[in-house]
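Chemist: Got a structure for you, written out below as C-alpha cells; questions coming shortly.
Each value in this text was obtained by applying a stated rule to the coordinates, not by laboratory testing. The model shown is predicted, which means the values in this text are computed figures rather than measured ones. Ideal geometry is used to build each Cβ from the backbone, glycine not excepted, and the neighbour counts take in all protein chains shown.
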Amino acid sequence: MPVVIKVGSNVATDEQGGLRDSVLESIVAQAAELHKSGTDVVLVTSGAISRGIQLLGLGGRPTAMAELQASSAVGQGQIYRHYDHLFASHDVKTAQILLTAADFSARASYVNAKQTLRKLLDWHVVPVINENDTTATDEITFGDNDFLAAQVSILLKARRLVLATDIDSLYTSDPNIDSSATPVHRVNDFAELDGLSIGDSATAIGSGGMRSKVVAAEIATAGGIEVVVCSGKKEGAVGRAAAGDEGEGTHFTPHKQPQSSFKLWIRYAKEARGSLAVDDGAARALRDQGTSLLPVGIAEVSGEFTSGDAVGIYAVGDERQPIGKGIVNYSADELRRIKGLKSDAVQELMPHATDEAVHRDNLVMTD
Ligand code: GLU
C-alpha cells in the first residue's frame, strides 16, 4: 500500500516563485528513503503556476484563468525536471503524470489512470503528479492539489496521505491571526472541528489553505486512509509523518468501515449533472431501509442529464443539503415524464424500463 505525499505550492516554491532547493532536496531524500525501505511512494506536487509566474516575470499571481493556466504550462516542466533530477541522485526513477477531475469523473479514464499508476509502482517508479492545469481549473481555483491528492490516495488505496504544507499542524484557530491558537494532534471525528475557525486564507502563491486540507482529509478518511497534515519545511517531518509517527502534525483517523472505492468514486469524483428532489417517504426509505430510488418517490427533476450520469438527491423542500448521490438509469426528460408514477404505470409508458431510477448499488448516502 503506497504512501501519497502532497507538496503544496508554498513548500515547493518561495513567495517569488523560486524553487525551494533545500526543502525539495530534503523531501525527496525522505521520500527516496521510504521508497528504498519498501514503501511505494507517490508524490503529488503543486508549484507549477508559482514557478511559471517567476519564469515569465509576471510580478505576482494573475487572476485571469488563461494566464494561470499558461503560467502553469511554463512552470510544470521545470518543477518536474527538478524532482526527476533529485530522485535520480538517489537512483530512483520518476514519471510525470498530469490528471484532471474529468479524468476521475469518467470511469474508463479512472480505471486507466489506476492501471498506469499501479504499473509504475510495480516497476518501482515514483509517480510525480500535478493537475493538468491547461484543461482543468479545479485545483487552481480552490484546493492547491489537496483534493487531487485525496482522489489519488483513494484510487490507489493508499496506506496514508501526507499533506505537506507551510505550517506544522492544524490549529484551533488561524495562528496567523490568533496568538491563542493551539495545535490539534488528532481528529477522530470531523464534528470535533465544528465551531473552530480553521484558517482558510490561501497564501499569495497557492490556492489551498487549511480548509481545503480538512475537506481532502474528509474524502480520504472516508476511504479508510489515514491523513496527516504536517510541515513540509521542517527537517524530517514528512518522513516521520509518512511512517506514522504520532508526534508529527495532525492525524485524521480513517473510517473503520470505509466505503467501497466505487461508492467513493460516485461520491467524490463523478460530477453531478443534475438533481432529484424526493418525497418524505422515499427519503426515509433511502436513509433507513437502504432501498433503491423508484420513480414514484421522485417529486422534482432539475438539470439536464442522460442515463449513466450522476445526480444529487435531496429531500423535497430542503435543497441545501444533499442526502445522497447516485447514477441514474434514466435521462432527465424521461424522469420528468415518469416522476411520481408507480412501477406498473411506468411500465405502461416505457415497456422496457427498469424499476429503479437509481439502483442501490449505484447510490451513496451522504448525510
Ligand atoms: N496545479 C497548480 C500548480 O501546480 C495548483 C496550485 C495553485 O492552485 O496555485 O501550480
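Chemist: Which shape class applies to the stretch 88-148: rounded if a/c is under 1.5, otherwise prolate when a/b exceeds b/c and oblate if not, where a ≥ b ≥ c are the square roots of the Cα gyration tensor eigenvalues?
Modeler: Note, shape of the stretch 88-148 comes out oblate.
Chemist: Quick one: which residues, 5 or more positions from residue 312 or on another chain, have an amide H under 5 Å from its amide H? H modelled 1.01 Å from N in the peptide plane, none for Pro or chain starts.
Modeler: 273, 274, 275, 276
Chemist: In addition: Among the aspartates and glutamates, which have Cα under 14 Å from the Cα of residue 213 when same-chain residues fewer than 8 positions away are ignored?
Modeler: Once the sequence-local aspartates and glutamates are set aside, what remains near residue 213 is 139, 144, 146, 166, 168, 174, 200, 226.
Chemist: Now for a different question. Rounded to two decimal places and with Rh computed the Kirkwood way over Cα pairs, what is Rg over Rh for the chain?
Modeler: With Rg and the Kirkwood Rh in hand, the quotient comes to 1.02.
Chemist: Using the Karplus equation 6.51 cos²θ - 1.76 cosθ + 1.60 (θ = phi - 60°), what ³J(HN,Hα) coupling, rounded to whole Hz, does each residue of the stretch 182-196 give in order, writing x for Gly and Pro?
Modeler: So the Karplus estimates, Gly and Pro as x, are 10, x, 9, 8, 9, 10, 8, 9, 5, 5, 4, 8, 4, x, 7 Hz.
Chemist: Determine the calculated [θ] at 222 nm for the chain from helices alone, applying -39500 (n - 2.57) to every DSSP H run no shorter than 4 residues and normalising by the residue count; nearest 500 deg cm²/dmol.
Modeler: Only helices count here, giving -10000 deg cm²/dmol.
Chemist: Next up: Give me the lysines in straight-line cross-link reach of residue 93: C-alpha distance below 26 Å, same-chain residues under 8 apart excluded.
Modeler: Filter leaves 6, 36, 114, 119, 157, 233, 234.
Chemist: Here is a follow-up. Given H placed 1.01 Å from N in the peptide plane, which residues other than close sequence neighbours of residue 307 have an amide H under 5 Å from its amide H?
Modeler: Here the answer is 331, since their amide H atoms fall under 5 Å of that of residue 307.
Chemist: Sorted by packing (mean other beta-carbon atoms within 10 Å per residue), highest first, where do 143-153, 166-176 land?
Modeler: Descending packing order for the listed peptides: 143-153, 166-176.
Chemist: So what's the projected area for the stretch 275-367, the Cα convex hull averaged over all directions, in nm²?
Modeler: 5.2
Chemist: Quick check on the chain: of the DSSP beta bridges with both residues there, what percent are antiparallel, nearest 5%?
Modeler: 35
Chemist: While we're here: Please compute the contact order of the chain in relative form: average sequence separation of alpha-carbon pairs under 8 Å and at least six residues apart, divided by the residue count, as a percent.
Modeler: Relative contact order for the chain comes out at 15 percent.
Chemist: Largest first, please: the extent of the C-alpha atoms of the stretch 1-151 along each principal axis, to the nearest Å.
Modeler: Reported extents, whole Å, longest axis first: 43, 39, 19.
Chemist: Can you work out the PRE-style zone for residue 105? Point 7 Å along Cα to Cβ, and I want the residues of the stretch 256-270 with backbone N under 20 Å.
Modeler: 262-270
Chemist: Compute the distance from the alpha-carbon center of the stretch 56-122 to that of the stretch 306-367, in whole Å.
Modeler: Spelled out, the Cα-based centre of one part sits 37 Å from the other.
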